[in-house]
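To start, the structure under review is shown below, and the notes come after it.
The values are calculated or read from the model by the stated rules, or taken from the named source; none is laboratory data. This one's a predicted model, so the numbers in the text were calculated from it and none came from an experiment. Counting neighbours? That spans all protein chains shown, and the Cβs are built from the backbone with ideal geometry, glycine included.
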């Protein structure tokens, strides 16, 4: 019972808010607070030696950072709400401190505006299709949101079809709405996904990994068989190859990718390429 | 980034940190925890404290029935299933305690009109069951990625009849003391009679739920007789013990 206090103090999460920069790449737990870096004076608009007049002379100005998934603003600090690794991306151009976010593993999808997802049509009611996207509510899809659709020329969508679309409205207070056209009115790959093929579910982290630029897995898979593949940010992947056997092999590889190291993966690919 | 993102079934059966079984100084039992062991729920965890083991699964944020939806926050549901028999009133009351603790910690306002369901199954009960359920629920919520403002843990302590504190008691140490009639027949004799035996077990059992940010008290559930100062003593001991639990959480959540 008489624990030395010094040992305990180290592990008190949140009792000493750490600077966000020092924690990059480490695992953070919910409840921890992170300090934002302060603005440097050299960035004043007038050039060396000039500083913009601030009304509140006492307050130190902080850099404007974007708070990504897993973080919430609380006062002038960031509160961690999910467990994962803290990441940071520098701003491409302009001012601002970039984006901070927490890379966490999740199976359940929460709709986000702009995300491309694969949905399954569950109901047709009047002019609206109800599409199940794996979130807490089915999304609504209007029949006019397809390329070349007019009131006379309705799209051929049945209950049970797979739809690849993006969210135009997705916030916590409203029912999510999706469309199958982009802002110019072109389909751009979206719409009803064709016949055959296989739809399966993976974790959201794996999808992000596969969609990252220069993903080795996709390049290796592409060399194996000719295939069509659609990734939905809601954890769903649709895959189609020439034969059913090849489709199943591809599905198994992608599902297992998560748990394999890159060496094991290369082994399996080489074995498959031989056979 | 690839190698950091691996999630091979997340089997991290961690051994309890620094706390060997039952020394006079540190009195928490051996801990172990395993995450992501069930394929259907969005998050799952199994928590082991000595011989007490609880399996938790979390579904959410998912669809909610219109009758149960709350317009501005998530509806949290806890289901606790005992090892044998049908769930009874004791399970219902524990469910309510766990639900109130989770509601204080989960950021429900980020997911209004959804439901977050925590399902707990008692695999084996050897004392400190409520604390073990709380720990399992916390690990499962973290595994599911439900946004939380802090982590929480449960600690149980038992007060002996002479005032000694036992943290994380076994079921034998938890039995609140009682008079045992070892005489014969139904004579209406009082406790002074030699045929009554006083079981030297716990006089009171207290369970606390503490949060990880400032060790604040989230929930307390007590049974038995204790004085004001003893309550403060138990609370302080539980706060000290919770540091071990949070350190164990941190180690087991490092990938």
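For region A:210-240, name all the residues that are in contact (Cβ under 8 Å) with a residue 24 or more places away in the chain and within 14 Å of chain B (Cβ to nearest Cβ).
Within region A:210-240, the subset in contact (Cβ under 8 Å) with a residue 24 or more places away in the chain is A:210, A:216-217, A:220-221, A:223-225, A:228, A:230-240.
Selection gives A:210, A:216, A:217, A:220, A:234, A:235.
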Checklist line | Qualifying positions in region B:144-168 - more than 14 Å from chain A (Cβ to nearest Cβ) and crowded, with 18+ Cβ neighbours inside 10 Å | finding: B:154, B:156
Margin query: Filter region B:121-141 down to the residues that are farther than 29 Å from residue B:175 by Cβ and surrounded by fewer than 24 Cβ atoms within 10 Å (Cβ to Cβ) and list them by number.
Written below: none
Checklist line | Residues (under 29 Å from the mean Cα position of the chain (by Cα) and surrounded by fewer than 12 Cβ atoms within 10 Å (Cβ to Cβ)) located in region A:260-275 | finding: A:263
Next item on the list: Given the conditions (1) closer than 19 Å to residue A:83 by Cα; (2) part of a helix (DSSP H, G or I), report the number of the one that residue B:231 does not fulfil.
Entry: (1)
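Being closer than 25 Å to residue A:31 by Cβ, in contact with a strand residue (DSSP E or B) (Cβ under 9 Å, 6 or more places away or on another chain) and not in a strand (DSSP E or B) is the filter here, so list the residues in region B:107-117 that pass it.
First, the residues of region B:107-117 that are closer than 25 Å to residue A:31 by Cβ: B:107-112, B:114-117.
Imposing the further condition that a residue be in contact with a strand residue (DSSP E or B) (Cβ under 9 Å, 6 or more places away or on another chain) reduces the set to B:107-108, B:110-111, B:114-117.
Correct list: B:107, B:108, B:110, B:111, B:114.
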Item checked: Given (1) assigned to a strand (DSSP E or B); (2) under 23 Å from residue A:189 (Cβ atoms), index of the condition residue A:147 fails -> (1)
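Working only within region B:209-238, note down all residues that are free of Cβ contacts under 8 Å to residues at least 60 places away in the same chain and touching a strand residue (DSSP E or B) at 6+ places or on another chain (Cβ under 8 Å). Spell out how you get there, then give the answer.
Pass one, region B:209-238, residues free of Cβ contacts under 8 Å to residues at least 60 places away in the same chain: B:210, B:214-217, B:220, B:222-223, B:225, B:227-229, B:231-232, B:235-236.
Answer for region B:209-238, where residues must be free of Cβ contacts under 8 Å to residues at least 60 places away in the same chain and touching a strand residue (DSSP E or B) at 6+ places or on another chain (Cβ under 8 Å): B:210, B:216, B:217, B:220, B:222, B:223, B:225, B:231, B:235.
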Checklist line | Selection from region B:204-219 of residues that are over 16 Å from residue B:169 (Cβ atoms) and in contact with a helix residue (DSSP H, G or I) (Cβ under 8 Å, 6 or more places away or on another chain) | finding: B:209, B:210, B:211, B:212, B:215, B:217, B:218, B:219
Next item on the list: Name every residue in region B:234-255 that is in contact with a helix residue (DSSP H, G or I) (Cβ under 8 Å, 6 or more places away or on another chain), in a helix (DSSP H, G or I) and within 8 Å of chain A (Cβ to nearest Cβ), in order of residue number.
Entry: B:240, B:243, B:249, B:253
Item checked: Cβ pairs under 6 Å, 6+ apart, first in region A:245-257 and in the same structural domain as residue A:202 (by the TED database), second in a helix (DSSP H, G or I) -> A:257/A:217
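Give the residue, chosen from B:120, B:141, that is touching a residue at least 12 places away in the same chain (Cβ under 8 Å), touching a strand residue (DSSP E or B) at 6+ places or on another chain (Cβ under 6 Å) and more than 14 Å from chain A (Cβ to nearest Cβ).
Answer to the check: B:120.
Going by the structure shown, is residue A:208 surrounded by fewer than 19 Cβ atoms within 10 Å (Cβ to Cβ) and at pLDDT 90 or above?
Values: surrounded by fewer than 19 Cβ atoms within 10 Å (Cβ to Cβ): yes; at pLDDT 90 or above: yes.
Spelling it out, residue A:208 is indeed surrounded by fewer than 19 Cβ atoms within 10 Å (Cβ to Cβ) and at pLDDT 90 or above.
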Note to self: So for region A:132-144 (the condition being free of Cβ contacts under 8 Å to residues at least 24 places away in the same chain and more than 14 Å from every other protein chain (Cβ to nearest Cβ)), does at least one residue qualify?
What the structure shows: yes
Notebook entry, point to check: Restricting attention to region B:211-233, and to residues there that are more than 14 Å from chain A (Cβ to nearest Cβ) and within 11 Å of residue B:153 (Cα to Cα), which single residue is nearest to the chain's Cα centre (by Cα)?
Noted result: B:219
Margin query: It is to be established whether one or more residues within region B:80-103 are within 14 Å of chain A (Cβ to nearest Cβ), in contact (Cβ under 8 Å) with a residue 40 or more places away in the chain, touching a strand residue (DSSP E or B) at 6+ places or on another chain (Cβ under 8 Å) and assigned to a loop (DSSP other than H, G, I, E, B).
Written below: no
Item checked: Neighbours by Cβ (under 7 Å, 6+ apart or cross-chain): first from region A:160-174, within 14 Å of chain B (Cβ to nearest Cβ); second part of a loop (DSSP other than H, G, I, E, B) and surrounded by 17 or more Cβ atoms within 10 Å (Cβ to Cβ) -> A:170/A:111; A:170/A:176; A:172/B:111; A:172/B:112; A:173/B:112
Note to self: What's the total number of residues in region A:175-202 that are crowded, with 19+ Cβ neighbours inside 10 Å and within 14 Å of another protein chain (Cβ to nearest Cβ)?
What the structure shows: 2
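For every residue, the table says whether it meets (1) closer than 22 Å to residue A:207 by Cβ; (2) at pLDDT below 95; (3) assigned to a loop (DSSP other than H, G, I, E, B); (4) not assigned by the TED database to the domain that holds residue A:204.
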residue: A:119; (1), (2), (3), (4): yes, no, no, yes
residue: A:157; (1), (2), (3), (4): no, yes, yes, yes
residue: A:171; (1), (2), (3), (4): yes, yes, yes, yes
residue: A:182; (1), (2), (3), (4): yes, yes, yes, yes
Note to self: All but one of (1) modelled with pLDDT of 90 or more; (2) farther than 26 Å from residue B:100 by Cβ; (3) surrounded by fewer than 20 Cβ atoms within 10 Å (Cβ to Cβ); (4) within 14 Å of chain A (Cβ to nearest Cβ) hold for residue B:32; state the number of the condition that does not hold.
What the structure shows: (4)
